Amino acid sequence: MKRFLAPTAFALVLTGCVNFGEQPNAPAMVYYVLDDPVPAPAAASVRAAAPALLVLDTATGSFYDTDQLVFSRSAGTRGQYQYARWTERPGKRFADLLRARLDRQGAWQVSAAGGYVRGDVLLDTVLMEFYHDAASAPGLVRLALRAELVDLKQRKLLGRRVFEQRVPVSTYDAAGAAAASSLAVSRALDDLSAWLATFQ
């Protein structure tokens, strides 16, 4: 009988029918919304002659292209929170928040790139770094964003800039990291919007 049970149990483990690693008392997964928490001014009306700005979805490095919150406990290392997730991947969410922020300002006719709208200028952004630096408690959120603005009619680069934010985390956990991440995004949007205004 033992000779039969051992191969059968081994076969079940290989096929995934039995999971000996399940943790019935594991914490529940928590989903956080990356947001722009700074109160926005009332939406401005877009001028008819305002240039059409096409905003590409924000690209990210492969490690950051995930719904998991990222942290670092020592220089040159990265990890991911086990029980904390974003409701949307940060690159896509950042682009949506950026379009909404620029729409509210009313200085541009904002549209997502890739549709049927022809643009005057194109904004391309890359989220280079976005993580909870937890080397010392409670740590801080580090954000680095590269932006390029291209004149589509003249086919030339108008400007390129890297924006960096360091926002202290209030609590040494995923909730604190998520709140500081939203504040870092909001401040980066402030800086990026002010930079774009110099091209009008």
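The numbers here are math on the coordinates, done by the rules we state, and not lab data. Since the model is a prediction, treat every value here as computed from it, not as a measurement. Cβ: placed from backbone, ideal geometry, glycine included. Neighbour counts: every protein chain shown.
Worth pointing out:
- Exposure proxy ranking, count of Cβ atoms within 10 Å, fewest first, for 125, 171: 171, 125
- Counting 0.36 nm for each residue step from residue 82 to residue 113 and taking away their Cα separation leaves a gain of 7.8 nm.
- Where both bridge residues fall in the stretch 52-197, DSSP classifies roughly 70% of the beta bridges as antiparallel.
- In the stretch 52-197, a dipole from Cβ-located charges (positive for Lys and Arg, negative for Asp and Glu) runs towards its positive end, and of 82, 168, 52 it is 52 whose Cα lies farthest in that direction.
- Multiplying the residue separation of residue 74 and residue 137 by 0.36 nm and subtracting their alpha-carbon distance yields 21.5 nm.
- Protection proxy ranking for 175-188, 139-152, using the average of other Cβ atoms within 10 Å per residue and placing the highest first: 175-188, 139-152.
- For the stretch 52-197: relative contact order, % (alpha-carbon pairs under 8 angstrom, 6 or more apart): 23 percent
- For a label point 7 Å along the Cα-to-beta-carbon line of residue 120, residues of the stretch 126-170 with backbone N under 17 Å: 149-159
- Fewest neighbouring Cβ atoms within 10 Å first, the residues 128, 29 line up as 29, 128.
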